[in-house]
Amino acid sequence: MKPKTKKIIILCSMIALLIATGVLNWYLNTKLTDNLKDTDADITEETFFQGLRSDRESVRQEAYVYLDSIIASENSSAEAKAAAEAQKLAIVTNMENELMLEGLIKAKGFEDCVVSITASNINVVVMSEELTSDQLTQIISIIVDETDYSPGNVKIIPYTEATAT
């Protein structure tokens, strides 16, 4: 075979492979896009409450990393380590209380809610158009019965999708 013929065969083979790769890429991208559209239809949109919980969890994870670094550091004093451990314990206690309060509030017939506990306040966001005085009393009663907070330290906020717009 002549060198010129070899070069032409190699060049034609390379062009054929390039075309085949392009067609395969187009086909796979089209299939992937169609599958993603089908999957998107099945996945519900993240709700306001899911977003709040997700944000709360990510902030807590960052706090854990920070506190763990203080606890693990050889440069940290014994007092700093003890304070970091106490803060981690407080976070865990708040998480347990928030989960319990959310469950009890939902058990009273509210579709969804998010409870956030700080050192001085409890904030409750409840999915509801508006809250009646009986509903407010129910929520405050749950919080006062289950925690050491007084009614004056409880903030209850009704939320609907219309509230967001």
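The values are calculated or read from the model by the stated rules, or taken from the named source; none is laboratory data. In this text the structure is predicted, and so the values were computed from the model without any measurement. Please note: Cβ atoms are built from the backbone with ideal geometry, for glycine as well, and neighbour counts cover all protein chains shown. For the accessible areas, the whole protein counts, side chains as well, though only heavy atoms, and no ligand, DNA or RNA atoms are used. Shrake-Rupley method; radii C 1.70, N 1.55, O 1.52, S 1.80 Å.
The residue pairs whose first member lies in the stretch 106-122 and is at positive phi, whose second member is open to solvent by 60 Å² or more (accessible area, probe 1.4 Å) and not hydroxyl-bearing (Ser, Thr, Tyr), and whose beta carbons are closer than 9 Å, counting only pairs six or more residues apart or on different chains, are GLY109/GLN138.
For (1) at pLDDT below 95; (2) within 16 Å of ASN97 (Cα to Cα), each residue gets a yes or a no:
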residue	(1), (2)
THR118	yes, yes
VAL124	no, yes
MET127	yes, no
GLU130	yes, no
ILE140	no, yes
ILE143	no, yes
THR160	yes, no
ALA164	yes, no
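Of the set (1) at pLDDT 95 or above; (2) under 24 Å from the mean Cα position of the chain (by Cα), all apply to ALA90 but (1). Is there a residue in the stretch 142-149 that is closer than 22 Å to ASP55 by Cβ, touching a residue at least 24 places away in the same chain (Cβ under 8 Å) and open to solvent by less than 50 Å² (accessible area, probe 1.4 Å)? Looking through the stretch 142-149, at least one residue is closer than 22 Å to ASP55 by Cβ, touching a residue at least 24 places away in the same chain (Cβ under 8 Å) and open to solvent by less than 50 Å² (accessible area, probe 1.4 Å). Between TYR66, TYR27, the distinction of being at pLDDT 90 or above, of a type in the set (Phe, Trp, Tyr), more than 27 Å from ASP148 (Cα to Cα) and surrounded by 10 or more Cβ atoms within 10 Å (Cβ to Cβ) belongs to TYR66 only. Between residues in the stretch 74-102 that are hydrophobic (A, V, I, L, M, F, W, C) and residues that are open to solvent by 80 Å² or more (accessible area, probe 1.4 Å), which pairs lie under 8 Å by C-beta distance while being six or more apart or on different chains? Every condition considered, the pairs that remain are MET100/GLU146; LEU101/GLU146.
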